Amino acid sequence: MPAGPDAGTAPPRAPARRARAAALLRRAGRRTNAGLLLLLVGSLATGGLAFATAGPVSARAAAVAHGVVGLGLVVLAPWKVVVARRAPRLTATSLTLAGLVVVCLVAGVVEVLAGPDLTAPLTPIQVHVGAAVGIVVLLVVHVTRHWRPRLVRRTDAGRRQLLRTATFGAAAAGAYVVVEGVATATGVARERTATGSHPIAASAIPATIWLLDRVPGPSDRAQRVLVDGVGVDAAELDARGTPVRARLDCTTGWYADATWTGVALADLLPAAAVAQARSVVVTSVTGYRRRFNVQALAELHLCTRVEGERLSPGTGAPVRLVAPGHRGFWWVKWVASVELSPLPAAAQSPFPLQ
Ligand code: HEM
Ligand code: HEM
Ligand SMILES: Nc1nc2c(c(=O)[nH]1)N[C@H]1C(S)=C(S)[C@@H](COP(=O)(O)O)O[C@H]1N2
Ligand SMILES: [Mo]
């Protein structure tokens, strides 16, 4: 056994504790890696769920599960360090992977405790999800390179092992409680939504692009929207609009309560055609689109104003969708068309690709 760096320097007062800790860490190995794999896959799944859900209960559940599973990585870190130090050599890929995990974790906790700074080029969540995408790529490389047969064994479900897993789970939950405790103590927690977003004023709503879309030029912004094939002028929508109170909750970590002015899709589409359809597709002049269940037609509004003012180019002028109860990426800007469809609402990618 090679001596650790601390060999011989331990204070004589706590040798028993040190010996116990060393014995615990010596168990690092196959189960550490299996646990990491589980936690990473769990983090990605619950993170995706946190973006996909909007209901107060489901969103909270996804955020809590995500926090506990994500912080579980911190609890496992000492064991993984032992595994890495035993390896014959360290690779750049794996060390980069470790770096990205640290960036991802720090950005996640910064998001919870501080939220986005809209004057910064990126929000903590953007850094967080960006790091997660890098993690996926490098993890595939790392796991393929180091794959050993029988990563999980039947004995892992033994009584002793389950007890250790439970202790580990309690530690991860404890880490989550600590972070949430700090958020509560500083008063941040009071203002956050179930999805975790932080409040901003309606007047401060930033022009937000989901991924790769762009703000269309003036001549590209449609002054009329094709609703089930019939042209409706933006001016007509503006004249017919009534106030709609709604919360715009962006996945970059902010939300704003505002009063929009618009017309419900239910009032624009012929009832007979609606009765035959299962979904409705709202498409931007840029091609960005979302498909909704026809059941949502009463809540979905084509809007021309926010807080009484005409929309700005960046926030969807002349006509954008306001979709209360749906995360921001559903609020299609620069609407060009609204089409009824016989396909189910699920017939689309869960997140826009543009
Ligand atoms: C948070 C994610 C992870 C990080 C940061 C990480 C990092 C590392 C590092 C730095 C090493 C030392 C060898 C090298 O540099 O390639 C290593 C070894 C190893 N990793 Fe990972 N790892 C992670 C997840 C996993 C997972 C999920 C598996 C599961 C299959 C795994 C399996 C292994 C194995 C078997 C070794 C030992 C290689 C040997 O001793 O030759 N790792 N890991
Ligand atoms: C390896 C992947 C990931 C890890 C390890 C991870 C870990 C974490 C951690 C530790 C937090 C802080 C939780 C808390 O203290 O409450 C967090 C927050 C968050 N993460 Fe992740 N995450 C990962 C991937 C993702 C992905 C892919 C998404 C979205 C698509 C995501 C979305 C979020 C959101 C929205 C928050 C804020 C939740 C809140 O405010 O309560 N994460 N993440
Ligand atoms: N056409 C189009 N609509 C879009 C987007 C986009 O990139 N393209 N971004 C969405 C996202 S992610 C959000 S949060 C809201 C933001 O609206 P805002 O720009 O008024 O803040 O618009 C949504 N509508
Ligand atoms: Mo967003």
Which condition number in (1) assigned by TED's automatic domain parsing to the domain that holds residue 129; (2) away from ligand 4 (no atom under 16 Å from the Cβ); (3) modelled with pLDDT under 95 is the one that residue 54 fails?
-> (2)
Within region 104-149, of all residues that are free of Cβ contacts under 8 Å to residues at least 24 places away in the same chain and assigned to a helix (DSSP H, G or I), the one surrounded by the fewest Cβ atoms within 10 Å (Cβ to Cβ) is 144
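Let's see how each residue does on (1) crowded, with 21+ Cβ neighbours inside 10 Å; (2) β-branched (Val, Ile, Thr); (3) assigned to a helix (DSSP H, G or I); (4) within 16 Å of ligand 3 (Cβ to nearest atom):
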| position | (1), (2), (3), (4) |
| --- | --- |
| 45 | no, no, yes, no |
| 48 | no, no, yes, yes |
| 54 | no, no, no, yes |
| 60 | no, no, yes, no |
| 63 | yes, no, yes, no |
| 67 | yes, no, yes, no |
| 70 | yes, no, yes, no |
| 75 | no, yes, yes, no |
| 80 | no, no, yes, no |
What single numbered condition from (1) within 11 Å of ligand 2 (Cβ to nearest atom); (2) over 21 Å from residue 253 (Cβ atoms) fails to hold for residue 158?
-> (1)
Residue ranges of strands (runs of 3 or more DSSP E) in region 198-269 with at least 2 members touching a residue at least 60 places away in the same chain (Cβ under 8 Å) and more than 9 Å from ligand 3 (Cβ to nearest atom) | 224-227, 242-249, 254-264
Evaluate the following for residue 200: is it among the β-branched types (Val, Ile, Thr) and either within 18 Å of the chain's Cα centre (by Cα) or within 16 Å of ligand 1 (Cβ to nearest atom) (or both)?
-> no
Out of all the residues in region 22-42, is one or more part of a helix (DSSP H, G or I), under 29 Å from residue 189 (Cβ atoms) and polar (S, T, N, Q)?
-> no
For residue 155, the lone unmet condition from (1) touching a residue at least 60 places away in the same chain (Cβ under 8 Å); (2) not in a loop (DSSP other than H, G, I, E, B) is (1)
If you check residue 101 against the conditions, is it surrounded by 16 or more Cβ atoms within 10 Å (Cβ to Cβ) and either within 16 Å of ligand 4 (Cβ to nearest atom) or in a helix (DSSP H, G or I) (or both)?
-> yes
Identify, please: which residue in region 311-354 is in a loop (DSSP other than H, G, I, E, B) and of a type in the set (S, T, N, Q) and is, among those, surrounded by the fewest Cβ atoms within 10 Å (Cβ to Cβ)?
-> 349
Checking residue 81 against (1) modelled with pLDDT of 95 or more; (2) under 19 Å from residue 144 (Cα atoms); (3) within 11 Å of ligand 1 (Cβ to nearest atom), which test does it fail?
-> (2)
Residues in region 329-339: is at least one within 16 Å of ligand 2 (Cβ to nearest atom) and closer than 24 Å to residue 49 by Cβ?
-> yes
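The values are calculated or read from the model by the stated rules, or taken from the named source; none is laboratory data. It should be emphasised that the depicted structure is a prediction, and the values quoted were computed from it without experimental measurement. In this analysis, Cβ positions are derived from the backbone assuming ideal geometry, glycine residues included, and neighbour counts consider all displayed protein chains.
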